[in-house]
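J.: Have a look at the structure that comes next, please.
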Amino acid sequence: MENKFKEGSHPYQVVELSKRIEVLTNHLKKYKKDNVSKLSLFKLVSKRKRFLKYIKNKDFATYQELTSKKKE
């Protein structure tokens, strides 16, 4: 996923969170009982959800671009 957003911007943070969520998801597929990682995954998902909600209200075009990338 190529990143064209400035570092520190909300869209950039969503992209980076998505990468970390993907890594943790793969880790949890292998280590199902790792509860600490599971908790941090839930925190990351909720943080990404809050960022997406903010972006949706501020710049809907960017929101659509981010969500279409996420589905690919």
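The values are calculated or read from the model by the stated rules, or taken from the named source; none is laboratory data. Because the structure is a prediction, the values reported are computed rather than measured. Cβ atoms come from the backbone with ideal geometry, glycine included; neighbour counts cover every protein chain shown.
J.: From the set of residues in the stretch 1-44 that are among the acidic types (Asp, Glu) and surrounded by 10 or more Cβ atoms within 10 Å (Cβ to Cβ), which is nearest to LYS56 (Cα to Cα)?
T.: Top of the filtered list is GLU16.
J.: Among LEU24, LEU39, LEU44, which is over 22 Å from SER9 (Cα atoms), part of a helix (DSSP H, G or I), within 14 Å of the chain's Cα centre (by Cα) and modelled with pLDDT of 95 or more?
T.: That would be LEU24, the only listed residue that is over 22 Å from SER9 (Cα atoms), part of a helix (DSSP H, G or I), within 14 Å of the chain's Cα centre (by Cα) and modelled with pLDDT of 95 or more.
J.: Of the residues in the stretch 1-18, how many are of a type in the set (Gly, Ala, Ser) and modelled with pLDDT of 90 or more?
T.: 2
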